[in-house]
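Taken together, the values in this text are just the output of simple stated rules run on the coordinates, not laboratory data. Everything quoted here is computed from the prediction, not taken from an experiment. Neighbour counts run over all protein chains shown; Cβ positions are idealised from the backbone, glycine included.
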Amino acid sequence: MITIYGSANCVWCLKCIQLCQTAEMEYEYRLVENDVDDFKKRFPGENVVPQILWNEEHIGGYEQLAQKVNEVLINENGEYND
């Protein structure tokens, strides 16, 4: 399960959502504005969005998500999907 922590006007957060939808991967989107304390607790020292959890493990932002999604697609299809 992918959990995306983002904000309402974040372009990279929207790209994360689009990437998950295109790859048909299950995700949850959480607005940081709704629970800032939870964000600070989960990601100490981070002050930018998006921040991504992949199976409850913090992997980083959009670029790291894109890399993980591509790895999954490679394993499923036996080919590279950019």
(request) Please check the chain for the longest run free of GluC sites (Glu not before Pro) that are loop-located per DSSP (anything but H, G, I, E, B) and have at most 16 other Cβ atoms within 10 Å. (result) 1-23
(request) Go through the stretch 58-68 residue by residue and turn each phi into a ³J(HN,Hα) via Karplus (6.51, -1.76, 1.60, θ = phi - 60°); whole Hz please, and just put x for glycine and proline. (result) 6, 10, x, x, 4, 4, 5, 5, 4, 5, 5
(request) Taking a cut-off of 20 Å between Cα atoms, list the aspartates and glutamates near Lys68, but don't count ones fewer than 8 places away on the same chain. (result) Glu24, Glu26, Glu28, Glu56, Glu57, Glu76, Glu79, Asp82
(request) Tell me what the chain gives for mean residue ellipticity at 222 nm when only DSSP H runs of n ≥ 4 count, each as -39,500 (n - 2.57), the sum divided by the residue total, rounded to 500 deg cm²/dmol. (result) -13000 deg cm²/dmol
(message) Using the basic label-point model (7 angstrom from Cα toward the beta carbon), what is the Asp38 to Trp12 distance in nanometres?
(response) 2.1 nm
